[in-house]
Amino acid sequence: MFDELDLGQDEQDRGDKGKHRRGRKRGGRSSGGKTALALLLALVLLGGIGGGAFYGFDRIQNFFVTPDYDGAGTEDVTIQIPQGAFLADMAVVLRDAGVIKSTKAFIEAAEENSRSRNIQSGTYKLRKQMSGELALAAMLDPANRIVNGITIPEGRTAKSIFKLLSDKTDIPVKEFEAAAKDPEKLGVPDWWFKRDDGKKSKKSIEGFLFPDTYEIPPNATAETILGQMVDHFLSVTGQMEFADRVQKERGGISPYEALIVASLAQAEAGTKKDLGKVARVAYNRVYSGTFPCGCLEMDVTVNYYLELTGQKTKTSAEMTRDELLDTKNPYSRKLRGMIPSPINNPGKDALEGAMDPPKGEWLFFVAVDKEGNSEFAETYQEHRKNEAKARKAGII
């Protein structure tokens, strides 16, 4: 009988974790009141059974009382809280590292402290065998947070990101390149590479290294750092319902193709408000059948190929005719259809623009001022007028 009660404690811990993840809160009655009532009922029950049954009272008490350590802990331990972690997720990390005795001990302490919502992702120096309350207090103390962050800007290519990470961590670029050769091993699900346009999929890490500020844990490897960035990409796109909405709303375009379009918008748009419109132009040129070549005709794809092959990138004016028209280049601006992969790692705004672009039949756009604002046109004649504005402003 009492063995079953012990198993119930584990189930209760897991239930509390799920309850927290769904954002439910406790009722007005305190946990102490519930415990007292439960113990009183247990005493009555045991009294009715007989004095000999009191040998199991301690075990019943442990069932109702939250397992917790008493004190500030023993030896030091370093723990890593991933981005996007809920309090219940943090509790699991702490329990598995031996910091707290049960997830419930930490969650109960967090529920009674409004500052718990301020706990950030990152690396913390704590102690093993801490009470839930003291573990929470330690995580709220900035002195216990090990700051070793790096910011990845939106629109950087994987190659550029590897260089940034290498400079920060002293891990050779070659190790990041080696780790990136297998995106699925880093956590990218196989279904992300599915295409609906009939073209062969290229499994590249490009597009999946979400731009943000990351904490680099001690003794990190190239694999763990890139995996952390992939996890964040999956978390952000999951919260956006990116894949589901693209499949439902974009009419036969796969999430991977939409990710490519997001990267194009990130590279071409000069302002946040134009990201969705640039995405719409990319969709219209490749998929609508109204653009004669059915190609992208965007110089940024040529530049990506130059960087990918170790060549110097150029402005549009510096590109030669051969570079602009080279159809042997898989990222050629003149090849019919969508390019093989994303050309950078887009941010959330670019992803939203590709997921839900504004309606319009635009086929052309050009920046017309030094703030990066663009004019969009449905016909080439309108586009020529917009180009005249850009020349007058000294943009082209």
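The values are calculated or read from the model by the stated rules, or taken from the named source; none is laboratory data. Keep in mind it's a predicted model, so treat the numbers as computed, not measured. Neighbour counts are summed over all protein chains in view; Cβ atoms, including those assigned to glycine, are modelled from backbone coordinates with ideal geometry. Accessible surface is based on the protein model in full, side chains and every heavy atom, while ligands, DNA and RNA are left aside. Shrake-Rupley method; radii C 1.70, N 1.55, O 1.52, S 1.80 Å.
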Starting from the amide H of F364, placed 1.01 Å from N in the peptide plane, find each other amide H under 5 Å away whose residue is 5 or more places distant or on another chain.
A377
Which FRET efficiency, nearest 0.05, do Y380 and K334 yield, Cβ-Cβ r, R0 25 Å?
0.95
Computed lengthening from K128 to R321, 0.36 nm per intervening residue step minus Cα-Cα distance:
63.0 nm
Sequence-distant or interchain residues sharing an amide H contact under 5 Å with R127, placed H: which?
V77
Determine ³J(HN,Hα), in whole Hz, for all residues of the range 340-357 in sequence, where each value follows from phi through the Karplus function 6.51 cos²θ - 1.76 cosθ + 1.60 and θ = phi - 60°; x replaces Gly and Pro.
x, 7, x, 10, 6, 10, x, x, 5, 4, 5, 4, 5, x, 6, 6, 9, x
Please turn the phi angles of the range 153-170 into ³J(HN,Hα) values with the Karplus equation 6.51 cos²θ - 1.76 cosθ + 1.60 (θ = phi - 60°), one per residue in order, whole Hz, x for glycine and proline.
x, 5, x, 6, 6, 4, 4, 5, 5, 4, 5, 4, 5, 5, 4, 7, 10, 6
Once you list every other residue whose beta carbon is under 10 Å from the beta carbon of C295, what net charge do they have if Lys and Arg are +1 and Asp and Glu are -1?
+3
For the range 319-368, which whole-number percentage of the solvent-accessible area (1.4 Å probe, protein heavy atoms only) is attributable to carbon and sulfur atoms?
49
Carbon and sulfur: what percent of the range 157-227's accessible surface (1.4 Å probe)?
52
The range 193-275: Cα Rg divided by the 2.2 N^0.38 Å rule of thumb
1.24
Quick check: pseudo-label points 7 Å beyond the Cα along Cα→Cβ at T271 and D70, how many nm apart are they?
6.5
Full-extension gain in nm, K202 to K370, via 0.36 nm per residue minus C-alpha separation:
56.9 nm
Does the range 243-396 classify as rounded, prolate or oblate by the C-alpha gyration tensor (a ≥ b ≥ c root eigenvalues; a/c under 1.5 gives rounded; else a/b over b/c gives prolate, otherwise oblate)?
rounded
Calculate, in nm to one decimal, what D244 and R117 gain on full extension: separation in residues at 0.36 nm each, minus their alpha carbon distance.
42.8 nm
Compute the accessible area per residue over the range 219-353, keeping the other protein chains in place, probe 1.4 Å, unit Å².
42
